[in-house]
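Single-structure report; data block below.
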Amino acid sequence: MKIAVKKQFSNTGERRAVISADSQIGGASQGRCRSTEAKNPAGVACSCEALKESDMQYFRRLLTAIDTQPYLDEIAAVKGAWDQSTGRQNKIRVQREAQAIPLRGLRKSAIAGRKRSDVHESRWTSGSVNFPLACQFLRDTAKAEDSLLSRGKIVCLPAGRRVYPHIDRGEYYAVRNRYHLVLKSACGSWLKAGDEEIRMQEGELWWFDNKQVHEAYNDGDQDRIHMIFDLLPRAAAERVFGTAA
């Protein structure tokens, strides 16, 4: 399936929008939110103002009804899967409350004095062999998007935890699209980018503009698990790497 994503948008002014996806995917986790009314990290109840997804600048829902259980089973089958890499908690302050399973990371041999956020080269991690289904999903999505697969990971945000407001800066991020596949989220995953808020539901694939100030919060009582990855449009590959990819 071809996923049409437009990357460049203009800010239309001071506007907050909350979208609660209209389809609750079958087999959703049993759980509850910390309150009966959805709230953002500041404790302010979401107003759920009506706004069509087609009117949003920073979010696009691309696919729904993806069966995520096989990916969750794959994670559960790996003993200590969340404990094998702690770089996200230890090195990235705004991500310190999240856990991650790296599937693809930057190629360290290509740093050559550059900042990590300016390194375009990436590779599969040694642990990625334990997650063949997740890796295949990344490959399939890259092919559908006529893009080159870049960095990717599975991320867990425990109950009551958050990702703090930040912008993904650097040459690497400037030319890539960011995607989220929601694997597990009992209440729906609250995210904000720019002045827009949404709740992503289990089984949904989203694009969002991580060049805007963005943040996330888990107001449920269970772990929230996403597959998060970046794709480089093939049309930009020659400009980035110097040769056609």
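Assorted remarks:
- Any chance Arg151 is part of a strand (DSSP E or B), under 19 Å from Leu63 (Cα atoms) and open to solvent by 10 Å² or more (accessible area, probe 1.4 Å): no
- Looking only at the stretch 69-83, and only at residues there that are among the hydrophobic types (A, V, I, L, M, F, W, C) and under 18 Å from the mean Cα position of the chain (by Cα), the one that is least open to solvent (accessible area, probe 1.4 Å): Ile75
- Residue-level check: of (1) touching a Phe, Trp or Tyr at 6+ places or on another chain (Cβ under 7 Å); (2) not small (Gly, Ala, Ser); (3) not in a helix (DSSP H, G or I), Leu138 misses just (3).
- Hits in the stretch 108-142 - residues which are exposed (fewer than 14 other Cβ atoms within 10 Å of the Cβ), touching a strand residue (DSSP E or B) at 6+ places or on another chain (Cβ under 8 Å) and within 13 Å of Phe229 (Cβ to Cβ): Arg139
- Screening the candidates Arg178, Arg239, Arg161 for the property of being open to solvent by 10 Å² or more (accessible area, probe 1.4 Å), over 26 Å from Arg123 (Cβ atoms) and not small (Gly, Ala, Ser) yields one hit, Arg161.
- Residue pairs whose Cβ atoms lie under 6 Å apart, separated by 6 or more positions or on different chains, with the first residue in the stretch 122-143 and over 16 Å from Asn177 (Cβ atoms) and the second in a helix (DSSP H, G or I) and among the hydrophobic types (A, V, I, L, M, F, W, C), are Ser128/Cys135.
- Any hit, the stretch 196-204, residues being over 16 Å from Leu72 (Cα atoms), of a type in the set (Asp, Glu) and either assigned to a helix (DSSP H, G or I) or open to solvent by 20 Å² or more (accessible area, probe 1.4 Å) (or both): no
The values are calculated or read from the model by the stated rules, or taken from the named source; none is laboratory data. Quantities reported herein were computed from a predicted structural model and do not represent experimental measurements. Don't worry about glycine lacking a Cβ; one is built from the backbone with ideal geometry, like all the others, and counts go over all protein chains shown. We work out accessible area using only protein heavy atoms, side chains counted, and drop any ligands, DNA or RNA first. Shrake-Rupley method; radii C 1.70, N 1.55, O 1.52, S 1.80 Å.
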